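Okay, structure first, notes after.
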Amino acid sequence: MFCTNCGKEMPDGTVFCTQCGARIVDASIPPRPIKEASRPTTAALLSLLFPGLGHCYLSDYRNGGLLMVSYLVVIATTLWVAYGAGFVSDSVIAAVLILCAACWCAVWVLAIVTSYDKAEVLAAEVQHA
């Protein structure tokens with residue numbers, strides 16, 4: 001094994017060159033693959049189409065799935081209140097629908113903003129790698 005910086009021969013298993021101090025790269029160990037840079041705009045647009053898609057684009061399936069499920073729960077609750085909750089008064093239905101609309105918007109905005117921010121962080125990591 002040789003130092004890639006100064007060319008001095010080193011015994012196998014050496015981590016740093018004894019002559020120049022450079023880190024020795026073992027040719028038998030494959031280099032870590034460089035992640036492709038994620039585009040923040042693409043992640044945000046996917047989350048705009050459906051909350052959670054931007055996170056899935058960034059391989060963050062746990063958060064993407066949680067956002068998708070929470071959005072579907074809000075939609076199901078809205079539909080149930082609007083069409084299936086005939087046993088409550090109209091004022092209660094209106095109040096719950098307003099609350100559901102606020103939750104709808106909150107989940108959607110949260111998905112867009114967090115996917116954009118996460119993509120920016122990942123892109124910065126790729127640039128520094």
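Coordinate-derived values only; no laboratory data. Here the structure is a predicted model, which is why all the values come from computation and not from measurement. Quick reminder, even Gly has a Cβ in these numbers, built from the backbone with ideal geometry, and neighbours come from all protein chains shown.
The table for this structure:
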{"item": "Extension gain, I75 back to C6 (0.36 nm per residue minus Cα-Cα distance, nm)", "result": "18.4 nm"}
{"item": "Simple spin-label estimate for E125 and L99 in nanometres, 7 Å along Cα-Cβ", "result": "3.8 nm"}
{"item": "Free-standing Cys, the chain [no other Cys Cβ under 4.7 Å]", "result": "C56, C100, C103, C105"}
{"item": "Charged-residue dipole, Cβ positions (Lys, Arg, Asp, Glu), the chain about Cα centre, Debye nearest 20", "result": "60 debye"}
{"item": "Order of W104, W80 under a 10 Å beta carbon neighbour criterion, fewest first", "result": "W80, W104"}
{"item": "Under the span-like rule (Cα at least 24 Å along the axis, Kyte-Doolittle mean at least 1.0), DSSP H helices of the chain", "result": "61-79, 90-128"}
{"item": "Ranked by how many other beta carbons lie within 10 Å on average, peptides 111-120, 46-55, 87-96 from highest", "result": "46-55, 111-120, 87-96"}
{"item": "Helical contribution to [θ] at 222 nm, DSSP H n ≥ 4, -39,500 (n - 2.57), averaged over the chain, rounded to 500", "result": "-19000 deg cm²/dmol"}
{"item": "10 Å-binned pair-distance histogram of the chain (Cα, whole percent)", "result": "12, 25, 17, 15, 13, 8, 5, 4, 1"}
